[in-house]
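Below is one structure, written out as structure tokens; comments come after it.
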Amino acid sequence: MSNTPFVNQNIKPINTTRNKKGNLEISKCDVVELAKKYGTPLYVIDEITLTKMASDFINAFSRYKKTKITYASKALMTSSIAKILANMGLGFDVVSIGEIYTLLNAGIDLSKTSFNGNNKSIEEIEFAIDNKIDHFSADSIDELKILNKIAKQKNITQKIHLRVNPRIECHTHEYIQTGQIDSKFGIDIEKIEDVVKLILDEYKNLELVGLHAHIGSQIFETNVFRDEISILLNKIKILNEKFNIKLNELNLGGGYGVKYIESDNPPSIYDFANAIINSIEENCKKLNLDYPILYIEPGRSLVCNSGVTLYTVGNEKNIEGIKKYITIDGGMADNIRPSLYQAEYSAEIANNKNENKPEKVDVAGKFCESGDVLIRNIELNQPQKGDILCVYGTGAYCYSMSSNYNRMLKSAMILINDGKSEIIVKRQTLEDLVSNDIVLERLK
Ligand code: LLP
């Protein structure tokens, strides 16, 4: 696996190697020792890779001084992860009171936070406003109405963006496309003028400052961002002239692709940044518009390749002449992505094997569902019961989409850095699992 300077083009965390014992080592931590110390399944985040991914974004967009990076928390949100990124100056895109609460828990104020989502509750809106969120991305007319009502009650003017559906289809899995016309997200670009008129006429406690769109996730082409920019800036030009307003914020969402398997070939973050910045400059010149404040909301591309998951190999099932399954002590509850999106992953046996004798297997999870196969058709070096399997690229959308399916306990997460390891999310306990259950008196 090649190591390029851009982390989103690497499958593995930056300092991944084999140590003298022949064990896999990440950031000077022996992976087999980590599994022994903390148990498996175990989410491992390499802080050096994580901060490199964040600084790739900061550096790549530094030429466009008006850039604001708001990390899409849904990819991976824990208090320590949030704090690391906040300490680097990043803001946040949140979609729930839980994500907001996690930021506050980490001591992060909401002055660089935008609130997205297509059905924010009254409780969530009030909580966000009371905690001085920077702005909302309003997704519908219903939301505008309620936002204005709450802002009026609280006697404030709330800054908002309008979430627009720009009708762009990009080539990624159907479930993670968002810009196509029948998407549940955003206001149709063709209806925006009516909606802006409504805001200006009726919703006096809202201050519309920009447009927002998000066209999909795990995108491997830069041209769709050019299309998005051209559509949004043309619309801003029309709105500014028609209504004599000055929208000057442009939020392009996230979606920058990363490498999970050898055949993935995403552009680097610098390629994405250059395409975006050049396109903004070209369009602004053509339309005679001031350069807007640019928001980007990377999620996956900021965390994915800093994370791995460690599992212990269990029982095997050999179907003579057909295939061999090895099982692991986790699966779809700690990583739903293969079952949900046919997502593919790279992995290797972490403990030393002396010689290399690859064997083709399917890696099955332990959950009661046939679709719970984490990796199909992968070559692993003599996998055996008791081995430690390291699955790469699990930093994004694994922990954040995890569940207690089959009443399995959620895994712990550790942060590693240059030989040190620290727990940042404790493993759930059996007591945690039943802590919200109530055994009715009358049933006893
Ligand atoms: N901004 C908005 C408004 C979004 O809806 C999303 C992701 C992002 C930013 C961040 O996108 P990213 O940079 O991570 O691609 N669970 C799926 C991905 C769903 C993405 C949903 N929205 C997966 O595991 O592939």
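Within the range 118-145, which residues are away from the ligand (no atom under 16 Å from the Cβ) and assigned to a loop (DSSP other than H, G, I, E, B)? If the condition is that a residue be away from the ligand (no atom under 16 Å from the Cβ) and assigned to a loop (DSSP other than H, G, I, E, B), then 121, 131, 132 are the ones that fit.
As a summary of the residue check, residue 6 satisfies the conditions (1) more than 16 Å from the chain's Cα centre (by Cα); (2) at pLDDT 95 or above; (3) within 21 Å of residue 345 (Cβ to Cβ); (4) within 16 Å of the ligand (Cβ to nearest atom) except for the one numbered (2).
The range 11-117 holds strands (runs of 3 or more DSSP E) entirely within its bounds, and those carrying 1 or more residues that are under 20 Å from residue 161 (Cα atoms) map to 67-72, 91-94, 113-115.
Determine whether the range 292-303 contains at least one residue that is aromatic (Phe, Trp, Tyr), touching a Cys at 6+ places or on another chain (Cβ under 7 Å) and more than 24 Å from residue 398 (Cβ to Cβ). Looking for residues that are aromatic (Phe, Trp, Tyr), touching a Cys at 6+ places or on another chain (Cβ under 7 Å) and more than 24 Å from residue 398 (Cβ to Cβ), one finds none in the range 292-303, hence no.
Out of all the residues in the range 253-261, is one or more over 30 Å from residue 162 (Cβ atoms) and either within 13 Å of the ligand (Cβ to nearest atom) or more than 22 Å from the chain's Cα centre (by Cα) (or both)? For the range 253-261, residues over 30 Å from residue 162 (Cβ atoms) and either within 13 Å of the ligand (Cβ to nearest atom) or more than 22 Å from the chain's Cα centre (by Cα) (or both): present.
Within the option set 101, 71, 43, 64, being touching a helix residue (DSSP H, G or I) at 6+ places or on another chain (Cβ under 9 Å), surrounded by fewer than 23 Cβ atoms within 10 Å (Cβ to Cβ), hydroxyl-bearing (Ser, Thr, Tyr) and touching a residue at least 40 places away in the same chain (Cβ under 8 Å) holds for one residue only, 64. Here the range 375-410 is the region considered, the condition is being hydrophobic (A, V, I, L, M, F, W, C) and over 24 Å from residue 317 (Cα atoms), and the residue that is farthest from the ligand (Cβ to nearest atom) is 409.
Within the range 190-221, the residues that satisfy the criterion of being closer than 18 Å to residue 295 by Cβ and within 16 Å of the ligand (Cβ to nearest atom) are 210, 211, 212, 213, 214, 215, 216, 217, 219. The single condition among (1) surrounded by 16 or more Cβ atoms within 10 Å (Cβ to Cβ); (2) not in a loop (DSSP other than H, G, I, E, B) that residue 379 does not satisfy is (1). Confirm whether residue 106 is among the aliphatic types (A, V, I, L, M), within 16 Å of the ligand (Cβ to nearest atom) and modelled with pLDDT of 95 or more. Against the criterion (among the aliphatic types (A, V, I, L, M), within 16 Å of the ligand (Cβ to nearest atom) and modelled with pLDDT of 95 or more), residue 106 does not qualify. Scanning the range 85-98 for residues that are buried (at least 21 other Cβ atoms within 10 Å of the Cβ) and over 21 Å from residue 276 (Cβ atoms) gives a single hit, 94.
Only one of the numbered conditions (1) more than 23 Å from residue 49 (Cβ to Cβ); (2) more than 16 Å from the ligand (Cβ to nearest atom); (3) at pLDDT 95 or above is violated by residue 342, and that is (2).
Restricting attention to the range 327-348, and to residues there that are in contact (Cβ under 8 Å) with a residue 60 or more places away in the chain and outside any loop (DSSP other than H, G, I, E, B), which single residue is surrounded by the most Cβ atoms within 10 Å (Cβ to Cβ)?
328
Being under 28 Å from residue 48 (Cα atoms) and within 16 Å of the ligand (Cβ to nearest atom) holds for only one residue in 295, 311, and it is 295. For the range 285-307, filtered to residues that are surrounded by fewer than 24 Cβ atoms within 10 Å (Cβ to Cβ) and basic (Lys, Arg), the residue that is farthest from residue 15 (Cα to Cα) is 286. For residue 435, the criteria (1) without any contact (Cβ under 8 Å) to a residue 24 or more places away in the chain; (2) in contact with a Leu (Cβ under 8 Å, 6 or more places away or on another chain); (3) more than 18 Å from residue 45 (Cβ to Cβ) hold in every case but one, which is (2).
For the range 96-119, filtering for residues that are under 17 Å from residue 137 (Cα atoms) and of a type in the set (Ser, Thr, Tyr) leaves 4.
The values are calculated or read from the model by the stated rules, or taken from the named source; none is laboratory data. Keep in mind that this is a model prediction, so the values were computed, not measured. Backbone-built Cβ (ideal geometry, glycine too); neighbour counts: all protein chains shown.
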